[in-house]
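The values are calculated or read from the model by the stated rules, or taken from the named source; none is laboratory data. Note that this is a predicted model, so its numbers are computed, not measured. A quick note on method: Cβ atoms are made from the backbone with ideal geometry, for glycine too, and the neighbour counts reach across all protein chains shown.
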Amino acid sequence: MNGQEIVELCSKHSLFSWSATDAVNPLPIARAEGVYMYTADGHRLLDFNSQLMSVNIGHSHPRVIAAMKKACDGLIFSHPGTATEARARLSKRLADLTPGNINSFFYTLGGAEANENAIRAARLYTGRSKILARYRSYHGGTNATLQLTGDPRRWANEPGMPGVIRVMDPHPYNYSFGKTESEIVANNLTYLEEVIQYEGPHTIAAMFIETVTGTNGILPPPAGYLKGLRELLTKYGILLVCDEVMCGLGRTGKMFAFEYGGIVPDIVTLAKGLTSSYVPLGAMGVSDPIADHFHKNVFWGGLTYNAHPFCLEVADAVLQTLIDEDMVGNAARLQPVMTAEMEKLAKNHPSVLTHRNIGLFGTVELRKKKGSNEPLVPYNTSHPVMGKFSKALVEKGLFTINRWNAFMTNPPLCITEAQLREGFGIIDGALGVVDEVVE
């Protein structure tokens, strides 16, 4: 099919996520290799968002494709109550990779399902019902995880699972410029402890955080926040769940983002980069005390495709490739390159408000008025120029995600310095359309 035929049939016979179908103008993607993808009509696009911050090792890695073909000659499926070699190998690998006492894993088909099971595990283990979560967060699109989610995607799905207490993030949406990180951390943790006391610590099972906030702003935690949060929750017997579906497995320049804080959570959830999105897979990793509890007590969870052996084989090959090709190290090495390229954008374009990145996890925010700290648009709104900007990027050969007043810079971890600079060069050439509307 040509591109138009693909788009027309997809729009006629399928629904698109988070969208009214008539408002969608999807790219007709036919193939992808490395850091590039190609439309059905042959237009090459640098994938500057790793699709949904998930294709960490790059597209169609030959080593993993070979492993997938080999796996097709082996055990394709066995129900989740069985033991398989793929399950044994991947579980041992993850236990070795994950810091501290997180040594046991429950396998799902994605990040939302991993977080669903983390809710269940926390409640069963503690005997408590309430869950703390932050407003600037996204934890998945299922009934329960949408209630953990703070961003507006949950609104149309309310009411949902009860028992979620949402709290402010260290950085409010229009966070104050000029405050020190120690002030931000102290203020937030004082406020959080007050909420815990009002709610009753004995009623709260866990707090969920994205270790580095993803689609709600790529917000690395302020220095000292993770350690202070860990100590506060431990004080009240509340579990810490780090959602590393997006920021984990090398994206930030470390295998796990919580390593930056020198802490280990009680539960970690993974997906996306676990298989580089080649096949669906998620995982919930639990600390030894929680695992010991479920050695003696039933874990009330499970679906047909949990611990799917083919998906586990793919994950094992992806992680081996990630390690052997030092892609985590590459993300760390290219962090200052991305920062420098963002600084160039800020210097060249009055539309750039601020920027931030940790490893190859980045975003650039755009402003309304020259020299001001006012975002281009308020929270949860958009501006017609963002569509024009996105179109200009695609025409010039780059794909990424725009949201509200920002655009993402999250390429595959295999990207080279030259390719990274190529991407920012395309952005530099397209930002003029936004500069034109800055007051």
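Examine segment 118-133 for a residue that is buried (at least 17 other Cβ atoms within 10 Å of the Cβ), closer than 25 Å to Asn410 by Cα and without any contact (Cβ under 8 Å) to a residue 60 or more places away in the chain, and state whether such a residue exists.
The answer is no, given that none of the residues of segment 118-133 is buried (at least 17 other Cβ atoms within 10 Å of the Cβ), closer than 25 Å to Asn410 by Cα and without any contact (Cβ under 8 Å) to a residue 60 or more places away in the chain.
Taking the condition under 21 Å from the mean Cα position of the chain (by Cα), charged (D, E, K, R) and outside any helix (DSSP H, G or I), does Arg128 pass? Don't jump to the end; show me each part of the working.
Details: under 21 Å from the mean Cα position of the chain (by Cα): no; charged (D, E, K, R): yes; outside any helix (DSSP H, G or I): yes.
Answer is no for this residue.
How many residues are touching a strand residue (DSSP E or B) at 6+ places or on another chain (Cβ under 7 Å) and assigned to a helix (DSSP H, G or I) if we restrict to segment 189-223? Don't jump to the end; show me each part of the working.
Just the residues of segment 189-223 that are touching a strand residue (DSSP E or B) at 6+ places or on another chain (Cβ under 7 Å), to begin with: 192, 195-196, 199, 203-213, 215, 217-220.
From the residues that got through so far, the ones that are assigned to a helix (DSSP H, G or I) too are 192, 195-196, 199, 203.
So the answer is 5.
Conditions tested, residue by residue: (1) over 23 Å from Thr275 (Cα atoms); (2) buried (at least 24 other Cβ atoms within 10 Å of the Cβ); (3) modelled with pLDDT under 95.
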| site | (1), (2), (3) |
| --- | --- |
| Asn103 | no, no, no |
| Glu116 | no, yes, no |
| Thr145 | no, yes, no |
| Gly160 | yes, no, yes |
| Val167 | yes, no, no |
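Hey, which of the strands (runs of 3 or more DSSP E) in segment 13-67, taking only ones fully inside, have at least 2 residues that are surrounded by 15 or more Cβ atoms within 10 Å (Cβ to Cβ) and under 20 Å from the mean Cα position of the chain (by Cα)?
Values: elements: 29-33, 36-39, 44-47.
The qualifying strands (runs of 3 or more DSSP E) are 44-47.
Could you tell me how many of the residues in segment 416-439 are aliphatic (A, V, I, L, M), assigned to a helix (DSSP H, G or I) and more than 26 Å from Ser276 (Cα to Cα)? Spell out how you get there, then give the answer.
Restricting attention to segment 416-439, the residues satisfying the condition of being aliphatic (A, V, I, L, M) are 418, 420, 426-427, 430-431, 433-434, 437-438.
So of that shortlist, the ones also assigned to a helix (DSSP H, G or I) come out as 418, 420, 426-427, 430, 433-434.
Filter once more, keeping what is more than 26 Å from Ser276 (Cα to Cα): 430, 433-434.
Total satisfying the criteria: 3.
For segment 258-356, please list each of the helices (runs of 4 or more DSSP H) lying entirely inside it that holds at least 2 residues being surrounded by 16 or more Cβ atoms within 10 Å (Cβ to Cβ) and acidic (Asp, Glu).
Numbers: elements: 288-296, 309-324, 327-348.
Filter on segment 258-356 gives 309-324.
Every residue in segment 360-415 that is assigned to a loop (DSSP other than H, G, I, E, B), within 26 Å of Ser277 (Cα to Cα) and not hydroxyl-bearing (Ser, Thr, Tyr), please. Walk me through how you get there before you give the answer.
Residues of segment 360-415 assigned to a loop (DSSP other than H, G, I, E, B): 360, 368-374, 376-383, 397, 400-401, 404-405, 410-415.
This time we only want the ones that are within 26 Å of Ser277 (Cα to Cα), so: 360, 397, 400-401, 404, 410-415.
Selection gives Leu360, Gly397, Ile401, Trp404, Asn410, Pro411, Pro412, Leu413, Cys414, Ile415.
Being of a type in the set (Asp, Glu) and surrounded by fewer than 17 Cβ atoms within 10 Å (Cβ to Cβ) is the filter; apply it to segment 364-419 and report the residue that is nearest to Trp18 (Cα to Cα).
Kept after step one, since they are of a type in the set (Asp, Glu), are these residues of segment 364-419: 365, 374, 395, 417.
Of the ones still in play, those that are also surrounded by fewer than 17 Cβ atoms within 10 Å (Cβ to Cβ) are 374, 395, 417.
Numbers: Glu374: 27, Glu395: 24, Glu417: 34 Å.
Result: Glu395.
Going through segment 68-96 one residue at a time, which ones are over 24 Å from the mean Cα position of the chain (by Cα), surrounded by 13 or more Cβ atoms within 10 Å (Cβ to Cβ) and of a type in the set (Ser, Thr, Tyr)?
Ser78, Thr84
In segment 294-333, how many residues are within 22 Å of the chain's Cα centre (by Cα), farther than 18 Å from Leu413 by Cα and of a type in the set (S, T, N, Q)?
Residues that pass the stated criteria total 1.
Please determine whether any residue of segment 90-113 is outside any loop (DSSP other than H, G, I, E, B), of a type in the set (Asp, Glu), in contact (Cβ under 8 Å) with a residue 60 or more places away in the chain and farther than 25 Å from His171 by Cβ.
Yes; the residues of segment 90-113 include at least one that is outside any loop (DSSP other than H, G, I, E, B), of a type in the set (Asp, Glu), in contact (Cβ under 8 Å) with a residue 60 or more places away in the chain and farther than 25 Å from His171 by Cβ.
Given the criteria more than 21 Å from the chain's Cα centre (by Cα), assigned by TED's automatic domain parsing to the domain that holds Lys272 and not in a loop (DSSP other than H, G, I, E, B), does Leu226 qualify? Outline the logic, then answer.
Details: more than 21 Å from the chain's Cα centre (by Cα): no; assigned by TED's automatic domain parsing to the domain that holds Lys272: yes; not in a loop (DSSP other than H, G, I, E, B): yes.
Spelling it out, it is not the case that Leu226 is more than 21 Å from the chain's Cα centre (by Cα), assigned by TED's automatic domain parsing to the domain that holds Lys272 and not in a loop (DSSP other than H, G, I, E, B).
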